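Input: a single structure, listed below in structure tokens.
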Amino acid sequence: MLYISGNTPMIEPQSRKISVVEHDFDGLTGHTVGTAGTQVPLVILYDDIPRGEMREALLHIDFLSLYIARQGRATHVIDGVPFAVSRGDVYIMGVGATHRFTDCHDLLTDSLHFSPRFFDWETMQALSMTPGFKALFVERRIALQDMSGCSSGRWLHLSPDALSRVQSIVDELRREYSRNTPDGVLMTKATFIRLLVTLSRLYEREGLTEPSTPSARPHENTVGMIVGYIDTHFMEPLRVDELASTANLSADRFTEVFASIMGRTPKEYIRHLRVERAKTLLGTTEATVAAVGLESGIGDAAYFTKVFRASTGLTPSEYRRQTVANRIF
């Protein structure tokens, strides 16, 4: 199956019937025990689908779902329309939508399910007036597809830096959500609203005011395929000219198109993923600097230290000491 960019919906073939299971918000409350979810209508989950597909479609009767793809790729079929999803994609599925994931390749998403009751009237009005908020809803993409016969506009795809920022907010939200204290409940409400506003602003900036150039748009599907491949193979040797060949472009033209769509060149994107992997290994394992350099795909200790310092301003050892000290205090 050719992997198509998440910004280009296609109509799913109706060759076989898919059973539909109805889900209401009350049915999710089993996930809220011991969390702020007992006080506010919000359920925060990880959706981890390593391989394959969901055999049933889920109908979300009375709640909305915010999805943030942390890693991997898949096809998310929403109301019969398949959208390819890869790391960095963000979208909201509205009340009454039916969906399932197929063709999953190590997909991991932050899935935040919430009832419209989460917001008071004033907050909902303010969100509705935030320029990028409505554009986050995948139903808007489907409606534009139906009206025009082709994809119109893009849903939000976060650059690596923006994804790191958003993941930090989600991690903060998870911490507050797990407290289940009066102050934790208040911070859960505030942080979730902050997350939605941040995403809305990012859509306005990255999805609307910084779209890919007209000459890059014909290649968005192919770049989406290649990004998905890079996300799952960045620790292996990767050559830009080989990636460009997949896109039937010269290396220079591919770099130009990739940077226009992703906000950085292929080499910069690969380096970012490797450095982020190295940070995780340095902060969570006792592996040697040399081992981390090799396991993250960067290289031997000397070259790893050079690349890591250029990206973070710290040597790997300094970063590890700082991370451990912050964890203690």
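Details
- Shape analysis of the range 20-208 places it in the rounded category; the axes a ≥ b ≥ c from the Cα gyration tensor give an a/c below 1.5.
- Global geometry of the range 23-64, whether rounded, prolate or oblate, following the gyration tensor of its Cα atoms and the 1.5 cut on a/c: oblate
- Within straight-line cross-link reach of Lys279, lysines at Cα separation under 22 Å, skipping those fewer than 8 residues along the same chain: Lys267, Lys306
- Going from the residue with the fewest nearby Cβ atoms within 10 Å to the one with the most, Met93, Met124, Met129 rank Met129, Met124, Met93.
- The range 217-328 shape via C-alpha gyration tensor axes, a/c threshold 1.5: prolate
- By the count of neighbouring beta-carbon atoms within 10 Å, fewest first, Lys134, Lys189, Lys17 end up ordered Lys17, Lys134, Lys189.
Where a number appears in this text, it was derived from the coordinates with a stated rule and is not lab data. A quick note: this is a predicted structure, and the numbers were derived from the prediction, not measured. As a convention, Cβ positions derive from the backbone with ideal geometry for all residues, glycine included, and neighbour counts pool all protein chains shown.
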